[in-house]
Amino acid sequence: MKKLAPATLIGFFAFTVVLFNLFVVPFSKAETTLRYANFPPAPTFPCVQMERWAKEVEKRTNGEVKVETFPGGTLLGASNMYEGVASGIADIGLSCPAYMPGRFPLMAGIDQPVGFKSCEVSSHVFWKLVKEFEPKSISNFKLITVFTSAPSYIATIKPVRNLEDLHGLQLRAAGNMVATLDALGAAPIGMPMSELPEALQKGVVKGYAASLEVLMDFKFAEIVKYVADYSLGTVSFAVLMNKAKWDSLSPSVQKVINDLSEEQAVWTGQYMDNHVEKAVKWAKAEEGLQILDLSGEEKSRWAKRLQPVIDKYVDDTEEKGLPGKRFLDRLYELKAKYEK
Ligand code: 3IO
């Protein structure tokens, strides 16, 4: 048989590529692209869970849906996320209800200082609560999933071992945690996580309350060297989709997304718990971080200061005609169940 000249082979190959692009690609192409906005940097946990969700949706819809992700505030930031998704700038957005005290009054129950120890538990409890109570504040959106941060702790430049050390101390916190730090006598400043690096650098704050993985992910352990070992509450997140966009999706795609929602909450919690452990090990070994035990007596002083914060949540919601008492009762019930 006559050998084909290399040029003929290349020509044949090029022809095949052209044919493939003309006839095969157009029909196998993703039918829908979802634009998913996120405010913190790509390596942080809210974005890690976003990439996992995107990958799962693409896989489970066999490529019918493509998810385009926008980490680091490249499409929407923490403060315009809610409006940006409502108006369709993004199809999906990670909103942080905990940054807006008063705007999500019932859901704020999850961020009260109820002593969560694990993000898997708090995220799963939050998911169940949101399904059971269907908060009005997010009823204009399709809820994709919810989760929380891992429990927050006070991390500071100077050691905090008691309420006296904490008195008047300027600390950054998520909005919903401002009341908690106020009750402990600190001077909290509410701001999104994305503004904390600069505030710490400039010395505007002497520390913060947040979950512990940020010690490593934002390298905060280069500045703060002490953590007071007292779990203060979580920071809640809700992944919201534009309602019209949701309505435009096929029933099979909607089913994939619905089937993923609770799983995603639990996945995120598990990822976070493992990641926090890794971060604390790193911060201790590389940056000399110290976790300060509080005495038993000191812990009960803190608990005594924090109970009125929880009581106030109940009063505020009930005043608005919202079932805050039932929400909290159910929270404690689910917390005990998942902690087993
Ligand atoms: C958070 C927000 C963005 C990136 C990493 C994060 N870890 C915890 C939070 C939530 C928050 O704002 C806080 O104070 O814990």
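The values are calculated or read from the model by the stated rules, or taken from the named source; none is laboratory data. Please read these numbers as outputs of a predicted model, since none were measured by experiment. Reconstructed Cβ throughout: ideal geometry from the backbone, glycine too, with neighbour counts over all protein chains shown. For the accessible areas, the whole protein counts, side chains as well, though only heavy atoms, and no ligand, DNA or RNA atoms are used. Shrake-Rupley method; radii C 1.70, N 1.55, O 1.52, S 1.80 Å.
Kindly provide the set of residues from region 148-179 that are closer than 17 Å to Val280 by Cα, within 14 Å of the ligand (Cβ to nearest atom) and in contact with an Asp or Glu (Cβ under 8 Å, 6 or more places away or on another chain), ordered by number. Scanning region 148-179 gives Ala150, Tyr153.
Of all residues in region 77-115, which are among the hydrophobic types (A, V, I, L, M, F, W, C) and either modelled with pLDDT under 95 or within 15 Å of the ligand (Cβ to nearest atom) (or both)?
Residues of region 77-115 that are among the hydrophobic types (A, V, I, L, M, F, W, C), as a first pass: 78, 81, 85-86, 89-90, 92, 94, 96, 98, 100, 104, 106-108, 110, 114.
Answer for region 77-115, where residues must be among the hydrophobic types (A, V, I, L, M, F, W, C) and either modelled with pLDDT under 95 or within 15 Å of the ligand (Cβ to nearest atom) (or both): Ala78, Met81, Leu94, Cys96, Ala98, Met100, Phe104, Met107, Ala108, Ile110.
Every test in (1) in contact with a Leu (Cβ under 6 Å, 6 or more places away or on another chain); (2) closer than 30 Å to Leu289 by Cα is passed by Val125 save one, and that test is (2). Of all residues in region 234-259, which are closer than 20 Å to Pro40 by Cα and not in a strand (DSSP E or B)? Selection gives Thr234, Val235. Restricting attention to region 216-243 and to residues that are farther than 20 Å from Ala98 by Cβ, surrounded by fewer than 23 Cβ atoms within 10 Å (Cβ to Cβ) and not aliphatic (A, V, I, L, M), the residue that is nearest to the chain's Cα centre (by Cα) turns out to be Lys219.
Quick one: how many residues across region 200-213 are among the aliphatic types (A, V, I, L, M) and open to solvent by less than 10 Å² (accessible area, probe 1.4 Å)? Talk me through it step by step, then tell me what you get.
Taking region 200-213 as the starting set, the residues that turn out to be among the aliphatic types (A, V, I, L, M) are 200, 204-205, 209-210, 212.
Adding the requirement that they be open to solvent by less than 10 Å² (accessible area, probe 1.4 Å) leaves 200, 205, 209-210.
Result for region 200-213: 4.
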